[in-house]
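Chemist: Have a look at the structure that comes next, please.
The values are calculated or read from the model by the stated rules, or taken from the named source; none is laboratory data. Given the structure is predicted, the values throughout are model-derived calculations rather than measurements. No Cβ is skipped: glycine too gets one built from the backbone with ideal geometry, and neighbour counts run over all protein chains shown.
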Amino acid sequence: MDHHFILRVVSKMLIPPILLYALYVQFHGDFGPGGGFQAGVIFAVGFVLYGLVYGLDKLRQVAPPAVVRAGIALGVLLYAGTGVVSFFKEKNFLDYSALADPEHPVGGQHLGIILVEAGVGLTVASVMIAAFIAFASRAPDIKDTDW
């Protein structure tokens, strides 16, 4: 484990900016290119890098399977819940005008896109982390002791 000292130091320096950049892409998505899917993938890359460098056991401590599954469900619920609110207010599915204050109709558009993109980002990040853990834990040539 000590023979990967440089890799561990460099990854400790890279993971925080990767996660910060994912948040930037997430919250900048309603103003320009990018958004939930791209941010979710970038966020998951930080966790995948951590898992590759420190091993799956450490990754499972940082991102427990129950939390990852909850992230998948919560992201889908957030996305679908935004659309269901539109139904209850007698609008079309994902019609963001249902979320608006009648005096400020643009506010509903901003709130709706932020909620939908947050749901997509959370779901994509959680699914990517879960897929990495599932595939890496079953790979015959990857063991936690190898890292």
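Chemist: Based on this model, can you work out whether Pro17 counts as surrounded by fewer than 13 Cβ atoms within 10 Å (Cβ to Cβ) and modelled with pLDDT of 95 or more?
Modeler: Working: surrounded by fewer than 13 Cβ atoms within 10 Å (Cβ to Cβ): yes; modelled with pLDDT of 95 or more: yes.
Yes; evaluated as a whole, the condition is true for this residue.
Chemist: Among what's in the range 91-106 and is part of a helix (DSSP H, G or I) and touching a helix residue (DSSP H, G or I) at 6+ places or on another chain (Cβ under 8 Å), pick the residue that is modelled with the lowest pLDDT. Outline the logic, then answer.
Modeler: Restricting attention to the range 91-106, the residues satisfying the condition of being part of a helix (DSSP H, G or I) are 96-99, 105-106.
This time we only want the ones that are touching a helix residue (DSSP H, G or I) at 6+ places or on another chain (Cβ under 8 Å), so: 96-99, 105.
On the way: Tyr96: 81, Ser97: 80, Ala98: 80, Leu99: 82, Pro105: 68.
Going through the qualifying residues, I end up with Pro105.
Chemist: Still on this model: Give the residue that is nearest to Gly36 (Cα to Cα), with candidates limited to residues of the range 60-90 that are in a helix (DSSP H, G or I) and among the basic types (Lys, Arg). Steps first, answer last, please.
Modeler: Filtering the range 60-90 down to residues in a helix (DSSP H, G or I) leaves 60-62, 65-88.
Of the ones still in play, those that are also among the basic types (Lys, Arg) are 60, 69.
Details: Arg60: 24, Arg69: 18 Å.
Within the range 60-90, the match that is nearest to Gly36 (Cα to Cα) is Arg69.
Chemist: Of all residues being small (Gly, Ala, Ser) and touching a residue at least 12 places away in the same chain (Cβ under 8 Å) in the range 37-69, which is farthest from Gly112 (Cα to Cα)? Just the residue, please.
Modeler: By that ranking, first place goes to Gly55.
Chemist: Here's another thing I want to ask about it. When the range 82-97 is examined, which residues are found to be loosely packed, with under 14 Cβ neighbours inside 10 Å and either under 21 Å from Ala131 (Cβ atoms) or not hydrophobic (A, V, I, L, M, F, W, C) (or both)? Please lay out each step first, then the result.
Modeler: Here is the first cut: in the range 82-97, the residues loosely packed, with under 14 Cβ neighbours inside 10 Å are 84, 87-90, 92-93.
Within the range 82-97, Lys89, Glu90, Asn92 meet the criteria.
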